[in-house]
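Please treat every number below as a calculation from the coordinates, not as lab data. If you're wondering where the values come from, they're calculated on a predicted model, not measured in any experiment. Every residue, glycine among them, receives a Cβ derived from its backbone with ideal geometry; neighbour counts consider all protein chains shown.
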């Protein structure tokens, strides 16, 4: 063998491992979420489960860049811009504020979203059947069922007249729609509504101190990623104030809240993973129809109900998807 051919062969062989490593470098999904690790780990596990169901394994096929707003929706534009600069393969946006921020940051990088409001009204897609842009995903309905949830709370606590409404003023889109729907439903039910705002842990404590002189009979917590991240704090405060409270997802009830009604947040994260994987494997968001939740679950914490002196009526016992003891 000639010396030049031998040197070329050795050089090529030395390059093989580097080339193999380059080919094995996984794509990156940027997960934009209001949640944090710890108690929210099951939701991240559900996201990875959705990826796996669609044939994508974290660490093998894809790396996940977790970007948490820590419940502060005003941080989403900054976090979305960071993911765009990194040129991730897919942005997976959990929540309406995250999805809107991602869509504003890029019209090129593909986006999978899980939102609580109408994605057409949010400007994310042209239509549910034909999204037509760089974004698609699912609408798991929490704001749209506010009226139904208030009615269930009234059925569980029929003597309630004054209902405090806890909202996050930083989540403007969610706050306006929630206030409008709850006030309209309250008029029909003959309830009095008083809104209180909180967008930090300290402000939650302050809101409970402020609502106490009003002497509410129950509490309605607006659907919001920040409140979900503070569900243990909220459950503890409602127990301390002996205040029956209604939430949008079962995670609150598992943390010690009284009742929830809405789509499964765990399943929403799973489906977000499925959408992300399908896009990663070549599907175009413009051609993937938006999925809408069709199953809603009513969950009641029977132990908390007894502590509050509440007798769950037979009608709710019959329709509840789960009673937590």
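Among [x] 18.0; [y] 16.5; [z] 19.6, which one is mean projected area of the Cα convex hull in nm² computed from these coordinates? Recomputing mean projected area of the Cα convex hull in nm² here picks out [z]. Peptides 247-253, 199-205, 166-172 ordered by packing proxy, namely the average of other Cβ atoms within 10 Å per residue, highest first: 247-253, 166-172, 199-205. Helix 172-189 and the longest principal axis of the C-alpha atoms of the chain enclose an angle of approximately 30°. Helix 76-86 and the long axis of the chain differ in direction by around 10°, with both axes built from C-alpha atoms.
If you line up the long axis of helix 231-240 against the longest principal axis of the chain, both from Cα atoms, how many degrees apart are they, to the nearest 10? Computed tilt is about 20 degrees.
Secondary-structure-derived ellipticity at 222 nm for the chain, considering helices only, amounts to -13500 deg cm²/dmol, per-run term -39500 (n - 2.57) for DSSP H runs with n ≥ 4.
Of the residues 70, 225, 95, the one that moves most in a GNM of the chain with alpha-carbon contacts below 10 Å is 70.
Based on the Cβ-Cβ distance from residue 318 to residue 283, what FRET efficiency comes out when R0 is 35 Å, to the nearest 0.05?
The calculated FRET efficiency here is 0.25.
Say we join alpha carbon atoms closer than 10 Å with springs in a Gaussian network model of the chain; which of 98, 186, 209 then has the biggest fluctuation? The residue with the greatest mean-square fluctuation here is 209. Where both bridge residues fall in the chain, DSSP classifies roughly 10% of the beta bridges as antiparallel. Most tightly packed first, judged by the mean number of other beta-carbon atoms within 10 Å of their residues, the peptides 285-293, 316-324 read 285-293, 316-324. Looking at the stretch 206-302 alone, DSSP beta bridges between its own residues are antiparallel in about 50 percent of cases.
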